[in-house]
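S.K.: Provided herewith is a single structure, encoded as structure tokens, for subsequent inquiry.
The values are calculated or read from the model by the stated rules, or taken from the named source; none is laboratory data. Not measured: the values here are computed from a predicted model. Quick reminder, even Gly has a Cβ in these numbers, built from the backbone with ideal geometry, and neighbours come from all protein chains shown. With ligands, DNA and RNA removed, areas are computed over all heavy atoms of the protein, side chains included. Shrake-Rupley method; radii C 1.70, N 1.55, O 1.52, S 1.80 Å.
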Amino acid sequence: MTASAAIAPDAAPFTARFTCGEGCDFQAPLTGVIYHCPKCGGLLEVEHDLAALGARSAAAWKATFDGRFKLGPWPYGSGVWGKKEWIYPQLADANVVSMFEGGSPLLRVDRYAREIGLEDVWVKECGVTHTGSFKDLGMTVLVSAVQEMRARGTPIRAVACASTGDTSAALSAYCAAAGIPSVVLLPRGKISTAQLVQPIANGALVLELDTDFDGCMKVVRALSETPDIYLANSMNSLRIEGQKTASIEIAQQLGWTVPDWVVIPGGNLGNASAVGKGFTMMKALGLIDRLPRLVVAQAEHANPLYQATTAAGVKPRPGVTVRPMAARKTLASAIQIGAPVSAGRALRALGALDGLVEQASEQELADAAARADRAGLFTCPHTGVALAALEKLAGRGVIRPGERVVVISTAHGLKFSDFKVGYHDETLPGLRSPLRNPAVRVAATLGAVQDAIAARHGRVTRG
Ligand SMILES: *Cc1c(COP(=O)(O)O)cnc(C)c1O
Ligand SMILES: [Zn+2]
């Protein structure tokens, strides 16, 4: 196959539609303003025509995806739109709203791996992207779908979301790029400054509510009952389609091989379900020959999935009941969620990928983030939760030294500089900072600087 044939958008009649995630027979086109099954109330899923996709060989799909990856003509160089036939095949290219999302680095972190007794650990840097979190992967699909609906005359006035910070940043940026009004509902005082200033800068209507995320979610759900306000939260299954490309990229970046484990932090649990969907779709279409095991890591302060499974001695699988709880304050603010909307979807992913659920205390997540930073990373607190879970599972011998692990890093550490500063100043409430590295104040003289270096690294030879 020539390079241009591999890159060109495919004319074959691939299709996708909404179906009911609870398995009843409801279906609707992707251009419908709809989030739940009207028959049973279940969340919707995007279902692809796997027979049509499967008529092309796995080798041909790999060649197509590799030919486009980060190089393809706009928007096919995007990590998401390079896989358009698997995401939203019928969408007109002209309606794609892309910020060149995806294609994020997959880093091998040998120093960190050795530190925690493992050998083959990788970090998928989903925070290295336009708005600094993996939310871009899903939002490009959702906002493109809105653009398509508006182009067909659907009267959507604005797109709205409730957010713990990163969703609103992504929504505002993509809407601003497309010229679509956005409205974001944020829990007042519960998100970082960097997260708050992003939607402000992008021109969204930013509403701060005196409640937590779950409270904002209730309001936005009621708000989107009128069809002219489109709901952008992750119950909207279009976002899952974009987010699943992170798992396709992991396989692609490992030469179309599969790690033994994927570890991911979970809040609303949409992203964990997206990982499941990406791997199962690749396996169904023959691009990979096995599935990784999945670890969902929760903050101990917001751990409804952990309570329902590991703490109760119950294997995570479909049918397990996840009871809503009041989430307590956690440094991992983006996963401070007590009533995860996508718990059912995540349990399906955990069932399919022989998964586990682990949790991390505030001390554990802060230390794990600092430990990874010492090995060159710059991790957000949610990635800290995933790393802490990895350390605990490695410590117990569940994850073994020779096994290949990919940790999904969900946001850029620079969005959470208050967390970093607090750790290294040892001012995070109730925590110690055993790995802190505070700046050293010294006099502006050669001698004082040499003494400071000597104190850290031993005496230097004076020239
Ligand atoms: C949204 C978010 C999560 C949680 O993802 P869910 O799909 O809600 O489980 C984790 N980390 C960061 C940085 C996020 O923004
Ligand atoms: Zn249904």
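For every residue, the table says whether it meets (1) closer than 23 Å to residue 108 by Cα; (2) surrounded by 11 or more Cβ atoms within 10 Å (Cβ to Cβ).
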| position | (1), (2) |
| --- | --- |
| 397 | yes, no |
| 404 | yes, yes |
| 409 | yes, yes |
| 429 | no, no |
| 442 | no, yes |
| 453 | no, yes |
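S.K.: Could I ask something else about it? Quick one: is residue 363 out of contact with any Asp or Glu (no Cβ under 9 Å at 6 or more places or on another chain) and in contact (Cβ under 8 Å) with a residue 24 or more places away in the chain?
M.R.: On the way: out of contact with any Asp or Glu (no Cβ under 9 Å at 6 or more places or on another chain): yes; in contact (Cβ under 8 Å) with a residue 24 or more places away in the chain: yes.
Yes: the conditions hold for residue 363.
S.K.: All but one of (1) within 14 Å of ligand 1 (Cβ to nearest atom); (2) part of a helix (DSSP H, G or I) hold for residue 249; which doesn't?
M.R.: Exception for residue 249: condition (1).
S.K.: Evaluate the following for residue 344: is it of a type outside the set (A, V, I, L, M, F, W, C), within 16 Å of ligand 2 (Cβ to nearest atom) and part of a helix (DSSP H, G or I)?
M.R.: Numbers: of a type outside the set (A, V, I, L, M, F, W, C): yes; within 16 Å of ligand 2 (Cβ to nearest atom): yes; part of a helix (DSSP H, G or I): yes.
It is true that residue 344 is of a type outside the set (A, V, I, L, M, F, W, C), within 16 Å of ligand 2 (Cβ to nearest atom) and part of a helix (DSSP H, G or I).
S.K.: Same structure again: Of all residues in the stretch 13-28 being open to solvent by 20 Å² or more (accessible area, probe 1.4 Å) and more than 16 Å from ligand 2 (Cβ to nearest atom), which is modelled with the highest pLDDT?
M.R.: Only one residue fits best here, namely 15.
S.K.: Out of all the residues in the stretch 29-61, which are open to solvent by 50 Å² or more (accessible area, probe 1.4 Å), away from ligand 2 (no atom under 13 Å from the Cβ) and touching a residue at least 60 places away in the same chain (Cβ under 8 Å)?
M.R.: Once the filter is applied, which keeps residues that are open to solvent by 50 Å² or more (accessible area, probe 1.4 Å), away from ligand 2 (no atom under 13 Å from the Cβ) and touching a residue at least 60 places away in the same chain (Cβ under 8 Å), the stretch 29-61 yields 33, 50, 57.
S.K.: Give all pairs with beta carbons closer than 6 Å in which a residue from the stretch 174-189 that is under 20 Å from residue 334 (Cα atoms) meets a residue that is open to solvent by 10 Å² or more (accessible area, probe 1.4 Å) and hydroxyl-bearing (Ser, Thr, Tyr); count only pairs at least 6 apart in sequence or on separate chains.
M.R.: 187/211
S.K.: May I ask you to verify whether residue 133 is open to solvent by less than 10 Å² (accessible area, probe 1.4 Å) and polar (S, T, N, Q)? If you could, list the steps in order and put the result at the bottom.
M.R.: On the way: open to solvent by less than 10 Å² (accessible area, probe 1.4 Å): yes; polar (S, T, N, Q): yes.
Yes, satisfied.
S.K.: Quick one: in the stretch 79-107, of everything that is touching a residue at least 60 places away in the same chain (Cβ under 8 Å) and of a type in the set (S, T, N, Q), which residue is surrounded by the fewest Cβ atoms within 10 Å (Cβ to Cβ)?
M.R.: Here the residue is 90.
S.K.: Ok, one more. Quick check: is even one residue across the stretch 208-219 on the phi > 0 side of the Ramachandran plot and not hydroxyl-bearing (Ser, Thr, Tyr)? Outline the logic, then answer.
M.R.: First, pick out the residues of the stretch 208-219 that are on the phi > 0 side of the Ramachandran plot: none.
There is no residue in the stretch 208-219 that is on the phi > 0 side of the Ramachandran plot and not hydroxyl-bearing (Ser, Thr, Tyr).
S.K.: Then there is this: In the stretch 247-264, what residues are open to solvent by 10 Å² or more (accessible area, probe 1.4 Å) and either without any contact (Cβ under 8 Å) to a residue 24 or more places away in the chain or small (Gly, Ala, Ser) (or both)? Steps first, please.
M.R.: We begin by selecting, within the stretch 247-264, every residue open to solvent by 10 Å² or more (accessible area, probe 1.4 Å); these are 252-258, 260.
If the condition is that a residue be open to solvent by 10 Å² or more (accessible area, probe 1.4 Å) and either without any contact (Cβ under 8 Å) to a residue 24 or more places away in the chain or small (Gly, Ala, Ser) (or both), then 255 is the only one that fits.
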